[in-house]
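The values are calculated or read from the model by the stated rules, or taken from the named source; none is laboratory data. All values derive from a computational prediction rather than experimental measurement. Cβ coordinates were reconstructed from backbone atoms using ideal geometry, including for glycine residues, and neighbour counts include every protein chain displayed. Just the protein is used for accessible areas: all its heavy atoms, side chains included, with ligands, DNA and RNA removed. Shrake-Rupley method; radii C 1.70, N 1.55, O 1.52, S 1.80 Å.
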Amino acid sequence: MGLHPWNISGSYYEVCNCEAICPCRRQGESKGGKATYDTCDFALSWSIEEGRAGGVDVAGLKVVMAGRFDRDNADAWRVALYLDERASDAQAEVLTALYLGRQYGARVRTMPFTEWITDVHATRRARIELDHTPGAQRIDVAPYLTVRTREPVVQETRVSCGIPGHQFAGQEIRAEILRYQDGPYDWELRGRCGFASPFSYASS
């Protein structure tokens with residue numbers, strides 16, 4: 001199945017184990033640096049409002065990725081990908097290729113962050129519930145992942161993140177909980193940072 005041309009856009013929300021404001025983010029004119037701790041444990045979510053790839057419509061679907069990278073090797077993500085259980089086989093194939101940067105076992109150029117993914121321990125269909133309401137965001141991927149926002153974080157400058165795209169200013173948040181258990185990962189964190197913004201990706 002060909003992917004091109006493709007474009008997807010919507011809302012984005014993530015939480016990781018860094019302290020707010022996440023040092024990886026761009027703040028004003030200052031570029032991001034290294035994660036707070038030796039490892040970065042993260043959960044990322046996308047609610048696709050508009051999207052089409054290779055003639056396949058993916059609007060209205062949800063995608064979640066969770067995983068870890070080491071602070072000194074941030075270009076080596078180890079992840080699991082969760083796809084909306086409502087997706088058809090064709091939609092799931094397209095979303096897997098777009099979000100992992102792989103199709104039929106070969107690398108393909110899609111979103112900028114896919115070049116950092118080095119290991120994929122699972123790709124699962126799941127019941128995904130996302131709420132990207134500002135200040136009340138949540139992620140539920142039963143039985144693997146639970147994320148809740150506690151409160152927005154005061155920002156004195158523009159904050160952006162390279163995953164949804166630096167063209168979008170976003171809101172830093174502090175999470176009530178990030179609980180994740182699947183495969184090699186098992187953690188529960190409270191009071192750590194998160195970020196919400198629009199996102200938009202497209203083939204060149």
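Assorted remarks:
- Qualifying residue in the stretch 139-160 (condition: more than 19 Å from GLY191 (Cβ to Cβ), modelled with pLDDT under 95 and not aliphatic (A, V, I, L, M)): yes
- Every residue from the stretch 132-155 that is open to solvent by less than 50 Å² (accessible area, probe 1.4 Å) and β-branched (Val, Ile, Thr): ILE139, VAL141, THR146, VAL147, THR149, VAL153
Quick grid of which residues meet (1) under 22 Å from GLY170 (Cα atoms); (2) open to solvent by 40 Å² or more (accessible area, probe 1.4 Å); (3) in contact with an Asp or Glu (Cβ under 8 Å, 6 or more places away or on another chain):
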residue	(1), (2), (3)
SER11	yes, no, yes
CYS24	yes, yes, no
GLY28	yes, no, no
TRP46	yes, no, no
ASN73	no, yes, no
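- Yes/no for ARG150 being assigned to a strand (DSSP E or B), farther than 14 Å from ARG174 by Cα and basic (Lys, Arg): no
- Leading residue by the ranking (farthest from PRO23 (Cα to Cα)) among those in the stretch 156-184 that are in contact with a Ser or Thr (Cβ under 9 Å, 6 or more places away or on another chain), open to solvent by 30 Å² or more (accessible area, probe 1.4 Å) and not β-branched (Val, Ile, Thr): ARG179
- Residue list for the stretch 77-107, filter: open to solvent by 40 Å² or more (accessible area, probe 1.4 Å) and of a type in the set (A, V, I, L, M, F, W, C): ALA106
- Only residues that are within 18 Å of LEU178 (Cβ to Cβ) and of a type in the set (Gly, Ala, Ser) were counted across the stretch 48-66, and they come to 1.
- Hits in the stretch 115-128 - residues which are among the β-branched types (Val, Ile, Thr) and surrounded by fewer than 19 Cβ atoms within 10 Å (Cβ to Cβ): THR118, VAL120, THR123
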